[in-house]
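Structure first, commentary second.
The values are calculated or read from the model by the stated rules, or taken from the named source; none is laboratory data. Note that the structure is a prediction, hence the values are computed from the model and not measured. Note that each Cβ is placed from the backbone with ideal geometry, even for glycine, and that neighbours are counted across all protein chains shown. All accessible areas refer to the heavy atoms of the entire protein, side chains included, with ligands and DNA or RNA removed. Shrake-Rupley method; radii C 1.70, N 1.55, O 1.52, S 1.80 Å.
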Amino acid sequence: MNKDELIQEIKSLKKDKDALILAHNYQIVEVQEIADYRGDSLQLAMLASELKAPKIVFCGVKFMAETAAILNPESTILLPAMDAGCPMADMIDENQLKAFKQNYPGSPVVCYVNSSVEVKAESDICCTSSNAVKVINSINTDKPILFVPDRNLGSWAAKQTGKNVIPWDGYCLVHQWGFTEEDVRSLKSKYPSHKLLVHPECDPTIVKYADFVMSTGGMINWMKENDKAIIATEIGLVEYLQHIHPEKSIIPLSNKAICKNMKKTTLEHIYKALKYDQYAIEVKTDIAQKAKIAIDRMLELSK
Ligand code: 13P
Ligand code: SF4
């Protein structure tokens with residue numbers, strides 16, 4: 001099938017099966033274009049908890065589809081590319097978190113949604129990049145707050161809140177290694193009137209130059225009102241922004257920041273997901289119930 005035929009097939013299967021397609025802001029442009037809804041991790045989690053459809057095709061990575069499955073057990077959540085994971089989420093497992101907690105008795109645990117269901121189940125509250133500061137500010141404790149798995153988001157949120165946060169030593173390879181201070185210096189001198197938007201998963205040596213630190217959803221909203229930006233996050237977001245605002249000057253801080261996992265989903269995968277109901281996400285009920293407590297606490301704060 002060529003691209004146009006695939007698009008037609010997806011549209012007709014979607015109608016037949018009464019399905020919806022959700023896509024994260026890092027997905028390739030053609031996937032985002034065919035989606036019913038696009039968003040950052042928080043927006044997609046909120047949508048997943050509200051939408052009513054027998055099938056939801058979740059174009060993103062596994063932890064996002066699992067969060068949707070926990071929040072919406074009535075719908076079948078399909079992850080079109082079965083092996084689309086998040087290496088940062090794999091940087092801490094349930095046993096490592098249990099050991100971390102033992103070293104800090106009584107400390108609350110904040111868990112970035114980029115984590116496994118088991119890790120969420122061992123945590124007190126979840127957060128995303130758009131609400132980490134709010135979540136940490138909501139915690140009243142005289143103990144240090146443990147933050148897993150992203151050390152960069154954890155230390156950035158600690159700075160914003162002034163709270164005592166102990167981050168786990170995890171990171172996103174794309175945001176950690178995708179940008180250099182030299183990239184910042186050279187693009188800032190080439191585009192002096194552009195603002196620099198930085199995702200909080202980036203290394204502090206990059207974050208310190210930011211005019212604004214934002215989630216991907218924050219960047220999409222900012223670009224609705226502004227014309228010029230240098231953007232430090234995964235390239236898919238920049239490509240989609242350039243696609244919807246061809247008249248604006250939107251410059252990636254680096255072309256090398258590519259999340260291979262976010263690029264695994266193609267139109268072909270979506271077609272097969274709809275045609276063969278693949279790959280349905282299943283989360284064990286007892287773990288899902290525990291993880292849901294931490295996710296619901298975050299959603300309650302984000303209303
Ligand atoms: P956002 O929630 O900002 O979309 O971030 C998700 C993510 O995986 C960033 O790498
Ligand atoms: Fe995970 Fe990084 Fe990819 Fe986001 S960009 S899904 S944190 S590997």
With runs of 4+ DSSP H residues as the only contributors, calculate the mean residue ellipticity of the chain at 222 nm using -39,500 (n - 2.57) per run, divided by the residue total and rounded to the nearest 500.
-13000 deg cm²/dmol
Quick one: what does P(r) look like for the range 66-208 with 5 Å bins over all Cα pairs, in whole %?
2, 9, 17, 19, 18, 14, 10, 7, 3, 1, 0
If I compute solvent accessible area with a 1.4 Å probe over the protein chains, what percent of it on the chain is carbon and sulfur?
48
GluC sites (Glu not before Pro) restricted to DSSP loop in the range 238-303 with at most 10 other C-beta within 10 Å
Glu247
Can you give the accessible area per residue of the chain, in Å², using a 1.4 Å probe?
45
Quick check for the range 160-263: number of Lys pairs with alpha-carbon distance under 13 Å, counting only pairs 8 or more apart or on different chains?
6
How high is the relative contact order of the range 1-81? Use alpha-carbon pairs under 8 Å, at least six apart in sequence, and give a whole percent.
27
For the chain, what mean projected area does the convex hull of the alpha carbons give, in nm²?
15.6
Expected unfolding gain across Lys159-Ser189 under the 0.36 nm per residue rule, minus the alpha-carbon gap, is 8.0 nm
Which three extents, in whole angstrom, do the alpha-carbon atoms of the range 187-303 cover along their principal axes, largest first?
53, 36, 26
